[in-house]
Amino acid sequence: QVQLVESGGGLVQAGGSLRLSCAASGRTFSSSAMGWFRQAPGKEREFVAGISRSGGNTYYADSMKGRFTISRDNAKNTVYLQMNSLKPEDTAVYYCAARSAVLPGTSPALYDYWGQGTQVTVSS
């Protein structure tokens, strides 16, 4: 089993940056693909970025490419999401998720464990 705790959210002006962290407990982190998702009020949860078990493969939603970077440190049981050039439409609760597989997926249904989320608010 994996417990996930996100941190690093907050209020930032448009064009600014934030770095989200997701700390995992449990012995299966290094065997899990990881994903970041977000959910804005009244909207469905959407895929943001994913990273393979080894960290060698990363995937992004089209609107995040070039602005967001996902990475992981298996020695620290932590996955990160560096968000640059933030826009007001990036405002949402951001969740990290773990999947017992080599590669991440874009559907929330593929993931086995979820964190509680961290709020990101981008002001215009």
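A few notes on this one:
- Condition check for residue 59: open to solvent by 70 Å² or more (accessible area, probe 1.4 Å), assigned to a strand (DSSP E or B) and at negative phi: yes
- Qualifying residue in the range 104-124 (condition: aliphatic (A, V, I, L, M), part of a loop (DSSP other than H, G, I, E, B) and in contact with a strand residue (DSSP E or B) (Cβ under 7 Å, 6 or more places away or on another chain)): no
- Of all residues in the range 41-56, those satisfying the criterion of being outside any strand (DSSP E or B) and not small (Gly, Ala, Ser) are 41, 43, 44, 45, 53.
- If the condition is being surrounded by fewer than 14 Cβ atoms within 10 Å (Cβ to Cβ), of a type outside the set (S, T, N, Q) and under 17 Å from residue 113 (Cβ atoms), then the range 1-16 contributes no residue at all.
- Given (1) out of contact with any helix residue (DSSP H, G or I) (no Cβ under 8 Å at 6 or more places or on another chain); (2) modelled with pLDDT of 95 or more, number of the condition residue 27 does not satisfy: (2)
- Checked across the range 85-97, the condition of being polar (S, T, N, Q), modelled with pLDDT of 95 or more and farther than 17 Å from residue 118 by Cβ holds for at least one residue.
- Enumeration of residues in the range 75-90 that are farther than 23 Å from residue 43 by Cβ and surrounded by fewer than 15 Cβ atoms within 10 Å (Cβ to Cβ): 75, 76
- Matching residues, the range 86-103, being of a type in the set (A, V, I, L, M) and not in a loop (DSSP other than H, G, I, E, B): 92, 93, 97, 98
- Lone qualifier among 53, 67 - being of a type in the set (D, E, K, R) and open to solvent by less than 70 Å² (accessible area, probe 1.4 Å): 67
- Among the residues listed as 38, 19, 72, the single one being among the charged types (D, E, K, R), open to solvent by 50 Å² or more (accessible area, probe 1.4 Å) and either part of a loop (DSSP other than H, G, I, E, B) or touching a strand residue (DSSP E or B) at 6+ places or on another chain (Cβ under 9 Å) (or both): 19
- So residue 115, is it crowded, with 16+ Cβ neighbours inside 10 Å and of a type outside the set (Lys, Arg): yes
- Among the candidates 19, 38, residue that is basic (Lys, Arg) and farther than 21 Å from residue 99 by Cβ: 19
The values are calculated or read from the model by the stated rules, or taken from the named source; none is laboratory data. If you're wondering where the values come from, they're calculated on a predicted model, not measured in any experiment. As a convention, Cβ positions derive from the backbone with ideal geometry for all residues, glycine included, and neighbour counts pool all protein chains shown. These accessible areas exclude ligands, DNA and RNA; they are computed on the full protein's heavy atoms, side chains included. Shrake-Rupley method; radii C 1.70, N 1.55, O 1.52, S 1.80 Å.
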